[in-house]
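Chemist: Quick one: this structure, given as structure tokens, is what I'll be asking you about.
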Amino acid sequence: MGDKMYFARIEKITREMVGKGIDLFLISPSSDLFYLTGYAAKGDERLLLLVLPQDGVPFILANLLYREQVKTLPVKECFFWKDGEDPFAILKSEIEKRKIKRGKAALEAGMPALFAVPISQTFPAVQFQLGSSLIDPSRQFKDEDELNSIRRASRAADEALAVLIRQGR
């Protein structure tokens, strides 16, 4: 699975955003972030977001500690913050610099309150909603790459079970 697949997924979600009138989608570490970028890290107390504007270039906002991990992602623009800095102020600054509309925004459904609350306080005029309606329909139907991955995993599990049965365990 390569960048092309992730670009296509991001583009599909962006089209959903247009259809639903969502200007901005903020995605924290989750299965949704993995689906869109291939990044499988667990979230922690440091803000890490995929910022997906309806109209504009997606970018990653992450702590400097994650620089090496996120630079391999298909999202090529990354902004980093250091411990002691306010990542929410940096998020606001980047969104304003890019003139990203933010009347209506979606937050990834599993985003911890540790991040969701400060984001909503940083953007008090924004109408926030859960991003499930944007991404869940796309994730329900598997593309050919996903189906091939499922098939490979199923074959490997079948082979492992066969070995265990032969060994009498």
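Yes or no, residue by residue, for (1) surrounded by 10 or more Cβ atoms within 10 Å (Cβ to Cβ); (2) at pLDDT below 95; (3) within 19 Å of residue 43 (Cβ to Cβ); (4) touching a Pro at 6+ places or on another chain (Cβ under 9 Å):
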{"position": "89", "(1), (2), (3), (4)": "yes, no, no, no"}
{"position": "93", "(1), (2), (3), (4)": "yes, no, no, no"}
{"position": "106", "(1), (2), (3), (4)": "yes, no, yes, no"}
{"position": "120", "(1), (2), (3), (4)": "yes, no, yes, no"}
{"position": "138", "(1), (2), (3), (4)": "yes, yes, no, no"}
{"position": "141", "(1), (2), (3), (4)": "no, yes, no, no"}
{"position": "154", "(1), (2), (3), (4)": "yes, yes, no, no"}
{"position": "162", "(1), (2), (3), (4)": "yes, yes, no, no"}
{"position": "165", "(1), (2), (3), (4)": "no, yes, no, no"}
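Chemist: Taking the residues in segment 47-65 that are more than 15 Å from the chain's Cα centre (by Cα) and surrounded by 16 or more Cβ atoms within 10 Å (Cβ to Cβ) as candidates, determine which candidate is modelled with the lowest pLDDT.
Modeler: 56
Chemist: Only one of these is of a type outside the set (Phe, Trp, Tyr), in contact with an Asp or Glu (Cβ under 6 Å, 6 or more places away or on another chain) and in contact (Cβ under 8 Å) with a residue 24 or more places away in the chain: 74, 58. Name it.
Modeler: Numbers: 58 fails: in contact with an Asp or Glu (Cβ under 6 Å, 6 or more places away or on another chain).
Testing whether each residue is of a type outside the set (Phe, Trp, Tyr), in contact with an Asp or Glu (Cβ under 6 Å, 6 or more places away or on another chain) and in contact (Cβ under 8 Å) with a residue 24 or more places away in the chain leaves just 74.
Chemist: For segment 23-93, which fully contained strands (runs of 3 or more DSSP E) count at least 2 residues that are over 22 Å from residue 126 (Cα atoms) and aliphatic (A, V, I, L, M)?
Modeler: Per the criteria, no element qualifies.
Chemist: Scan segment 23-35 and tell me whether some residue there is at pLDDT below 95, within 20 Å of residue 136 (Cα to Cα) and of a type in the set (A, V, I, L, M, F, W, C).
Modeler: yes
Chemist: Could I ask something else about it? Take residue 42 and decide whether it is without any contact (Cβ under 8 Å) to a residue 60 or more places away in the chain, more than 18 Å from residue 69 (Cβ to Cβ), surrounded by fewer than 21 Cβ atoms within 10 Å (Cβ to Cβ) and basic (Lys, Arg).
Modeler: It is false that residue 42 is without any contact (Cβ under 8 Å) to a residue 60 or more places away in the chain, more than 18 Å from residue 69 (Cβ to Cβ), surrounded by fewer than 21 Cβ atoms within 10 Å (Cβ to Cβ) and basic (Lys, Arg).
Chemist: Condition first: out of contact with any helix residue (DSSP H, G or I) (no Cβ under 7 Å at 6 or more places or on another chain) and either closer than 17 Å to residue 50 by Cβ or charged (D, E, K, R) (or both). Now tell me which residues in segment 95-113 satisfy that.
Modeler: 95, 96, 97, 98, 99, 100, 101, 104, 105, 110, 111, 112, listed by residue number.
Chemist: Which pairs do you get when a residue that is within 18 Å of residue 28 (Cβ to Cβ), found in segment 82-95, comes within reach of a residue that is of a type in the set (A, V, I, L, M), reach meaning Cβ atoms under 6 angstrom, with the pair 6+ apart or on two chains?
Modeler: Listed by first residue and then by second, the contacts come to 87/47; 91/61.
Chemist: A follow-up question, please. Taking segment 94-108, which residues are in contact with a strand residue (DSSP E or B) (Cβ under 9 Å, 6 or more places away or on another chain) and in a helix (DSSP H, G or I)?
Modeler: Matches in segment 94-108: 94, 95.
The values are calculated or read from the model by the stated rules, or taken from the named source; none is laboratory data. Given the structure is predicted, the values throughout are model-derived calculations rather than measurements. Counting neighbours? That spans all protein chains shown, and the Cβs are built from the backbone with ideal geometry, glycine included.
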